Amino acid sequence: MSLPVDTRTTIHPIPSGTRDVLPDEMRELRDITEAVRAVFELDAYGEVWTPALEYETVLGRGGGAPPAYRVFDDHGEVLALRTDMTVPIARLVSTRYPTAQPPLRFCYFAHAYRGVRPHRGQMREFLQAGIELIGAPAPQGTAEALTVLCHALDATGLRGYRIGLGDASLFRTLLRSLKVDDAIGDQLHRTLVQRDFVALEAELARLGLDDADAELLLRVPQIRGGPDVLSAAQGPVADAVAGLRRVYELLAPEVAERVIFDLGLARDLGYYTGAVFEVYDPALGAPLGGGGRYDELLGRFGRPLPAVGFALGIDRLHIALTGEELVT
Amino acid sequence: MSDLGLTIAVPRGALMNETLDRLDAIGLDTSEVRSNDRKLLFGDIGVVTMRPSDVPTYVEAGAADVGFTGKDVLTEQSERDVYELLDLGYGRCVMVLATVDGPDPSVEALRRLGVMRVATKYYKTAIAYFEQTGRQAEIVEVKGSVELAPLTGLVEAIVDLTATGTTLRENNLIIREEIYVSTARLIANPVSHKLKAAAIDTMLEKLRAL
């Protein structure tokens, strides 16, 4: 079989990690984003756009994922493609709403850019849908974000999903209460973020900690399950999960039943401070999205306000929805 | 699907027999896997078999919930998003830097030419090792027997995995440096680790207790 045209003259490449979306797929993606947008609107989250390009120094102030694409502008300033929408919205809040009465509610449907190894559901340019709830402290703000998240996922028709809920400060709290040196604690935390429990065990053995303390530091990050894992927690762990328990108590039953606690959940973005969460679906081997509290990020832009938000990967959500269709 | 309700990736090759021994010991019947080396998928016990270096690929994508593979594979594929749960202890090998016996030709190459040439199947491991030790090296990736490369003058040294050192000795090569020790590891998909937590923890505890 021969092609109708000489492809040497008609095929032009696009950058690695990017892709075209054609009408059949676009209709399906649009169904998802419209369903999610309706939920965000109903819950009074106002949609915003921000520039895809920001000054690198502004993004750097936020401490998110490092930018992968940089260019010089005509004044020699370094611009970078945003790696998420949380940092640009933190900038927007302090710049455009310096005196507005909190809480402030924003949502977005926007592309972000990261220097990842492109694979299924993870391109270098990817569309995110998310919210930022600014000026609403834990636990109420966190409970509201989780509720909006579940309603948005329900609206897309996704059925099998669960929300993994953890606390970004839990492991550090534990390290502090066991009086582990800060530098060593940082090293242990990095190993945990890499999800290498073999290395964690080896590092703990090397530190010469109390057997019971080492056992606790190895075991706690592997604890996950229903609300019983919170009630089973004792001693320093019970203190560290107190915040999660308060959030859980505020959730409506249809949200609470989606939650699984994960005491080892450590997201790799630097700005998270408290509760963190990820969305899992049996139809995909990677999280569909996630979020958490970033109570110190707004302060870095001059308007200290507690905040919480999440982002859903629209491609991943689409893959999971397609996968769930095959199961039935 | 096994009693555990997990899909388990099992490596063919050097790690296979001991992996199947462990699975037998925790209550799976792997006799069919042992007797049939053409079949790849054993649905009754939830086992899929593949080359060791493919295990992280299947586990990362969630096509398998858990898998057995060597630390050498995980080190070479460090960008894979998988949980490393347990050091199983068997399949012990050492990643080494080796050259021909006698005066070290790689030292001489570094001294006079500024760069040593190194053949390996473990490209990323070699790049990282020479960067960490501050030496300039040209890495030559080969697919077949690495031992041939220094004997023919293609390179001055090799980075390779060795269990007993027999192949190195038979080719007049000696170990100059040990880079790391590799053993078999149990890995898990990040989503399965949450959604099938009870099954994975049960398997982990049984394997740990052996």
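For the range A:206-223, which positions are among the aliphatic types (A, V, I, L, M) and either touching a residue at least 60 places away in the same chain (Cβ under 8 Å) or within 14 Å of another protein chain (Cβ to nearest Cβ) (or both)?
From the range A:206-223, those among the aliphatic types (A, V, I, L, M) are A:207, A:209, A:212, A:214, A:216-218, A:220, A:223; that's our starting set.
Passing the criteria: A:218, A:220, A:223.
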query: Looking at residue A:290, is it within 14 Å of chain B (Cβ to nearest Cβ), of a type outside the set (S, T, N, Q), outside any loop (DSSP other than H, G, I, E, B) and touching a strand residue (DSSP E or B) at 6+ places or on another chain (Cβ under 7 Å)?
result: yes
query: Do any residues in the range A:316-328 that are surrounded by fewer than 19 Cβ atoms within 10 Å (Cβ to Cβ) have Cβ atoms under 9 Å from those of residues that are assigned to a helix (DSSP H, G or I), where the two are at least six apart or on different chains, and which pairs are they?
result: A:322/A:28
message: When the residues of the range A:277-286 are narrowed to those that are over 9 Å from the mean Cα position of the chain (by Cα) and not aliphatic (A, V, I, L, M), which ends up nearest to residue A:241 (Cα to Cα)?
response: A:280
field: Scan of the range A:182-204 for residues that are on the phi > 0 side of the Ramachandran plot and away from every other protein chain (no Cβ under 11 Å), ordered by number
entry: none
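The rows are residues; the columns are (1) surrounded by fewer than 16 Cβ atoms within 10 Å (Cβ to Cβ); (2) touching a residue at least 24 places away in the same chain (Cβ under 8 Å); (3) not in a loop (DSSP other than H, G, I, E, B); (4) not hydrophobic (A, V, I, L, M, F, W, C).
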| position | (1), (2), (3), (4) |
| --- | --- |
| A:153 | no, yes, yes, no |
| A:159 | yes, yes, no, yes |
| A:185 | no, no, yes, yes |
| A:204 | no, no, yes, no |
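Which one of B:99, B:69, B:125, B:120 is away from chain A (no Cβ under 14 Å), touching a residue at least 60 places away in the same chain (Cβ under 8 Å) and of a type in the set (S, T, N, Q)? Give the derivation first.
Working: B:69 fails: away from chain A (no Cβ under 14 Å); B:125 fails: touching a residue at least 60 places away in the same chain (Cβ under 8 Å); B:120 fails: touching a residue at least 60 places away in the same chain (Cβ under 8 Å).
Matching residue, one of B:99, B:69, B:125, B:120: B:99.
Given the structure, is residue B:146 farther than 20 Å from residue B:14 by Cα and not hydroxyl-bearing (Ser, Thr, Tyr)?
Working: farther than 20 Å from residue B:14 by Cα: no; not hydroxyl-bearing (Ser, Thr, Tyr): yes.
Spelling it out, it is not the case that residue B:146 is farther than 20 Å from residue B:14 by Cα and not hydroxyl-bearing (Ser, Thr, Tyr).
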message: So residue A:150 ticks every box in (1) more than 21 Å from residue A:40 (Cα to Cα); (2) in contact with a helix residue (DSSP H, G or I) (Cβ under 6 Å, 6 or more places away or on another chain) but one. Which box is left unticked?
response: (1)
statement: Note on the range B:9-30: residues exposed (fewer than 15 other Cβ atoms within 10 Å of the Cβ) and at pLDDT below 95 are B:13, B:27, B:29
message: Need the failing condition index for residue A:8 against (1) under 22 Å from residue A:130 (Cα atoms); (2) not in a strand (DSSP E or B), just the number.
response: (1)
task: Would you point out the residue of the range A:233-276, among those that are without any contact (Cβ under 8 Å) to a residue 60 or more places away in the chain, surrounded by fewer than 19 Cβ atoms within 10 Å (Cβ to Cβ) and in a loop (DSSP other than H, G, I, E, B), that is nearest to the chain's Cα centre (by Cα)?
output: A:257
field: Matching option when the condition is under 21 Å from the mean Cα position of the chain (by Cα) and either under 22 Å from residue B:13 (Cα atoms) or not basic (Lys, Arg) (or both), among B:137, B:98
entry: B:98
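Let me confirm something: among B:84, B:60, which residue is in contact (Cβ under 8 Å) with a residue 60 or more places away in the chain, over 27 Å from residue B:130 (Cα atoms), at the interface with chain A (Cβ under 9 Å from one of its Cβ atoms) and in contact with an Asp or Glu (Cβ under 7 Å, 6 or more places away or on another chain)?
On the way: B:84 fails: over 27 Å from residue B:130 (Cα atoms).
Just a single option satisfies the conditions, and that option is B:60.
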- prompt: How many of the residues making up the range B:129-188 are free of Cβ contacts under 8 Å to residues at least 40 places away in the same chain and part of a strand (DSSP E or B)?
  reply: 5
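Say whether the condition of being within 14 Å of chain B (Cβ to nearest Cβ), over 24 Å from residue A:155 (Cβ atoms), within 19 Å of the chain's Cα centre (by Cα) and basic (Lys, Arg) is met by at least one residue in the range A:73-87. Break it down stepwise before answering.
Keep residues of the range A:73-87 that are within 14 Å of chain B (Cβ to nearest Cβ), which gives none.
Within the range A:73-87, none of the residues are within 14 Å of chain B (Cβ to nearest Cβ), over 24 Å from residue A:155 (Cβ atoms), within 19 Å of the chain's Cα centre (by Cα) and basic (Lys, Arg).
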- prompt: Can we say residue B:19 is more than 15 Å from the chain's Cα centre (by Cα), hydroxyl-bearing (Ser, Thr, Tyr) and in the same structural domain as residue B:85 (by TED's automatic domain parsing)?
  reply: no
message: Looking at B:199, B:184 in this structure, which one is within 14 Å of another protein chain (Cβ to nearest Cβ), within 28 Å of residue B:80 (Cβ to Cβ), more than 19 Å from the chain's Cα centre (by Cα) and not charged (D, E, K, R)?
response: B:199
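The values are calculated or read from the model by the stated rules, or taken from the named source; none is laboratory data. Nothing here was measured: the structure is a model prediction, and the numbers come from that model. In this analysis, Cβ positions are derived from the backbone assuming ideal geometry, glycine residues included, and neighbour counts consider all displayed protein chains.
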